[in-house]
Amino acid sequence: GLDPQQATYESDRCVYCAEKANCNWHCPLHNAIPDYIRLVQEGKIIEAAELCHQTSSLPEICGRVCPQDRLCEGACTLKDHSGAVTIGNLERYITDTALAMGWRPDVSKVVPRSEKVAVIGAGPAGLGCADILARAGVQVDVFDRHPEIGGMLTFGIPPFKLDKTVLSQRREIFTAMG
């Protein structure tokens, strides 16, 4: 991961291409990449984490395992000149730093609803579905054949690529969300 100086350096490199930055359009989630990079530049890590979490249920994981070189970083305007801004490392820095500071997704404005939904499978898709439903106030129970969440994130990605404590932390976050 990046340290604060490296994160500042990388965020300073972003040229904020335009309202329709290529990195946004090449991100499957259409994350507000230039916006959260600007927040890092301004030292607003908690705000950057909130922004990351608006479009991604697992931003701390995407920052580690998403193929950025083929997506957002592959579309970076600087790619062929001075090398792409390391967007994945910045996303990881944002979420890791914010979580270490005690940040958790703000669910205080969620209005509970009477609907209950069972999500079968605690892989990335099931967790994303459960997160979106919980943010909408729906009561969600997630079921999986394994005792740990993550599916292929847990059982298919080696620990050197994705430290399993990241998934444990996300489990705590989801549990606290309800």
- Query: If you scan the stretch 8-24, which residues turn out to be in a loop (DSSP other than H, G, I, E, B) and either at pLDDT below 90 or acidic (D, E) (or both)?
  - Reply: Y16, C17, A18, E19, K20, A21
- Odd one out for K109 among (1) in contact with a Gly (Cβ under 9 Å, 6 or more places away or on another chain); (2) outside the structural domain of C17 (by TED's automatic domain parsing): (1)
- If we scan the stretch 94-108, do we find a residue that is over 30 Å from D12 (Cα atoms) and of a type in the set (D, E, K, R)? no
- Restricting to the stretch 91-149, what's the tally of residues that are of a type in the set (S, T, N, Q) and loosely packed, with under 15 Cβ neighbours inside 10 Å? 3
- Message: Can you tell me which condition D3 does not meet? The list is (1) under 23 Å from A100 (Cβ atoms); (2) crowded, with 17+ Cβ neighbours inside 10 Å; (3) modelled with pLDDT under 95, and all the others hold.
- Response: (2)
- Subset of the stretch 80-92 that is at pLDDT 95 or above and not small (G, A, S) - its residue that is farthest from G128 (Cα to Cα): V85
- Message: Condition first: farther than 17 Å from T55 by Cα, among the charged types (D, E, K, R) and modelled with pLDDT of 95 or more. Can you find one or more residues in the stretch 115-125 that meet it?
- Response: yes
- Check every one of the helices (runs of 4 or more DSSP H) wholly within the stretch 25-91 and list those with 2 or more residues that are closer than 23 Å to E172 by Cα and outside the structural domain of G150 (by TED's automatic domain parsing). 45-55, 59-65
- Taking the stretch 3-22 and keeping residues within 19 Å of E50 (Cα to Cα) and of a type outside the set (S, T, N, Q) leaves P4, A7
- For the stretch 57-83, what are the residues that are touching a Cys at 6+ places or on another chain (Cβ under 7 Å) and surrounded by fewer than 22 Cβ atoms within 10 Å (Cβ to Cβ)? L71, A75, T77
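The values are calculated or read from the model by the stated rules, or taken from the named source; none is laboratory data. Nothing here was measured: the structure is a model prediction, and the numbers come from that model. Positions of Cβ are backbone-derived with ideal geometry, glycine not excepted, and every protein chain shown enters the neighbour counts.
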